[in-house]
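What follows is a set of notes on a single structure, which appears directly below.
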Amino acid sequence: MFVQGSYTTVPVEVSFMESTDRLYSLAAVLDEINEGATLLNGDGQLLWRNRAFDKLLVDNREGHLLVAGVIEFATEFYQELLLDPAMASSRAYSANVGRVEHEFYFSLMPKGMLGPESYLLCVVKRMASRWSSYEEQLRQHWSLTEREAQVAVECLRGKKNLEIADFLKISVETVNKHLDKVYQKAGVRGRSELASRLLDNAF
């Protein structure tokens, strides 16, 4: 908690050794958190990442897209900061990487805190575990194919057929065919009955 009062600003010189120690101390702490964490420099280059981020890359077939997302949002963050220097030094973004939703939290580490330049901390959180488990349960319970389960879950999330087609990179006709199969296997006549069956079976 900060105490109100008047202060005199005194420049603080941070030695290279001390700033390097701070960087490694922060890295050691971040290595223990569950979410993926990375540190980026002002050019948007990944300087360091923790074990949880490496696991995210391994778990995602589109791991390179996750890295690209971090760099893209970091660039966007710096651009917004240049346009409005008074904006908050932290920002959150969300995006689908492959078929999994992730949230990206950025926070600016100011110059002198870790070294002579400023660094950008990014924490990545995977968000789609609930829907992923629905997919698996639908496949097991109603003997759906992987694609049928994906279409069913996107339908349950409230997406229209055109949105599902765009998201899964398939045609609307293919979405309709998959939905017909889902309805047939689940013994329902439409989306509302499909949602009711899902609730009735307590997935």
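Observations on the model:
- Highlighted here are the helices (runs of 4 or more DSSP H) found entirely within segment 1-107 that include at least 1 residues which are under 13 Å from TYR119 (Cβ atoms), touching a strand residue (DSSP E or B) at 6+ places or on another chain (Cβ under 8 Å) and modelled with pLDDT under 75: 16-30.
- Test: ASP200 is exposed (fewer than 15 other Cβ atoms within 10 Å of the Cβ), at pLDDT 85 or above and out of contact with any helix residue (DSSP H, G or I) (no Cβ under 9 Å at 6 or more places or on another chain): no
- Cβ pairs under 7 Å, 6+ apart, first in segment 38-57 and without any contact (Cβ under 8 Å) to a residue 24 or more places away in the chain, second crowded, with 20+ Cβ neighbours inside 10 Å and assigned to a helix (DSSP H, G or I): ASN50/LEU30; LEU57/LEU66
- One residue from LYS177, LYS159, LYS169 being without any contact (Cβ under 8 Å) to a residue 12 or more places away in the chain, more than 19 Å from the chain's Cα centre (by Cα) and buried (at least 17 other Cβ atoms within 10 Å of the Cβ): LYS159
- Checking VAL97 against (1) free of Cβ contacts under 8 Å to residues at least 24 places away in the same chain; (2) closer than 24 Å to ARG147 by Cα, the condition it does not meet: (1)
The values are calculated or read from the model by the stated rules, or taken from the named source; none is laboratory data. Quantities reported herein were computed from a predicted structural model and do not represent experimental measurements. Backbone-built Cβ (ideal geometry, glycine too); neighbour counts: all protein chains shown.
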